[in-house]
1. Looking at the structure I just gave you, is residue 18 part of a strand (DSSP E or B), within 23 Å of residue 96 (Cβ to Cβ) and open to solvent by less than 30 Å² (accessible area, probe 1.4 Å)?
2. Being touching a residue at least 12 places away in the same chain (Cβ under 8 Å) and open to solvent by less than 80 Å² (accessible area, probe 1.4 Å) is the filter here, so list the residues in region 21-35 that pass it.
3. Is it fair to say residue 72 is modelled with pLDDT of 95 or more, out of contact with any helix residue (DSSP H, G or I) (no Cβ under 9 Å at 6 or more places or on another chain), on the phi < 0 side of the Ramachandran plot and open to solvent by 50 Å² or more (accessible area, probe 1.4 Å)?
4. Can you name the condition, by its number, that residue 3 falls short on among (1) touching a strand residue (DSSP E or B) at 6+ places or on another chain (Cβ under 8 Å); (2) outside any loop (DSSP other than H, G, I, E, B)?
5. Go through region 74-108 and count every residue that is part of a helix (DSSP H, G or I), under 18 Å from residue 140 (Cβ atoms) and among the hydroxyl-bearing types (Ser, Thr, Tyr).
6. Out of the residues in region 109-146 that are open to solvent by 60 Å² or more (accessible area, probe 1.4 Å) and assigned to a strand (DSSP E or B), state the one that is modelled with the lowest pLDDT.
7. I need the full set of residues from region 75-108 which are surrounded by 14 or more Cβ atoms within 10 Å (Cβ to Cβ) and of a type in the set (Lys, Arg), in order please.
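The values are calculated or read from the model by the stated rules, or taken from the named source; none is laboratory data. Predicted, not measured: the structure shown is a model, and the values here were computed from it. Cβ placement follows ideal geometry from the backbone for every residue including glycine, while neighbour counts extend to all protein chains displayed. Areas reflect the complete protein model, heavy atoms only, side chains present, ligands, DNA and RNA absent. Shrake-Rupley method; radii C 1.70, N 1.55, O 1.52, S 1.80 Å.
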Amino acid sequence: MSEAAVVRELLSAEFPAANQVWLDYHGTIGEPEQDRVFAVFVGKRIVSLGRCRRHPDGSMEVDGVFTPEECRGKGYARMVMAALVVACHNDDLYMYAVESLEGFYARFGFVPIPEGDLPRPVRERYTWAAGNMEGAEVRPMMRKAGL
């Protein structure tokens, strides 16, 4: 019998374990002073992650949603996103979603928005796209607080 998946917010002391999983995902890391990191565990193994980062202006950005390839197709990303949006529901949440995942994030209340509606700190992370969101294959999205 396989172990049940458990989802929870990580303690700052657990961030190094998340950072190891994120090595394969653009070198993403969790920083305890500004991030809330959520993980799905099967036993002691992290099988999916999501991060909500508070920027200096107070805006909240969702990113780092990642499931290692060998763990995909089991609903772990859905579990981590559900926990994240419940825990962070008091804030407007912003993200750049990979275009092919727009429908996935829509299930959690995210809607596409014009890039200019993103808070500046979130936009600045994608300055390399120079306003070419379609070429970058990402879509700016937002989830209103309280949903």
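1. When the stated conditions are applied, residue 18 does not pass them.
2. 21, 22, 25, 28, 29, 30, 31, 32, 34, 35
3. Spelling it out, residue 72 is indeed modelled with pLDDT of 95 or more, out of contact with any helix residue (DSSP H, G or I) (no Cβ under 9 Å at 6 or more places or on another chain), on the phi < 0 side of the Ramachandran plot and open to solvent by 50 Å² or more (accessible area, probe 1.4 Å).
4. Evaluating residue 3 over (1) touching a strand residue (DSSP E or B) at 6+ places or on another chain (Cβ under 8 Å); (2) outside any loop (DSSP other than H, G, I, E, B) leaves (2) as the failure.
5. Looking only at that region, the number is 2.
6. 139
7. Answer for region 75-108, where residues must be surrounded by 14 or more Cβ atoms within 10 Å (Cβ to Cβ) and of a type in the set (Lys, Arg): just 78.
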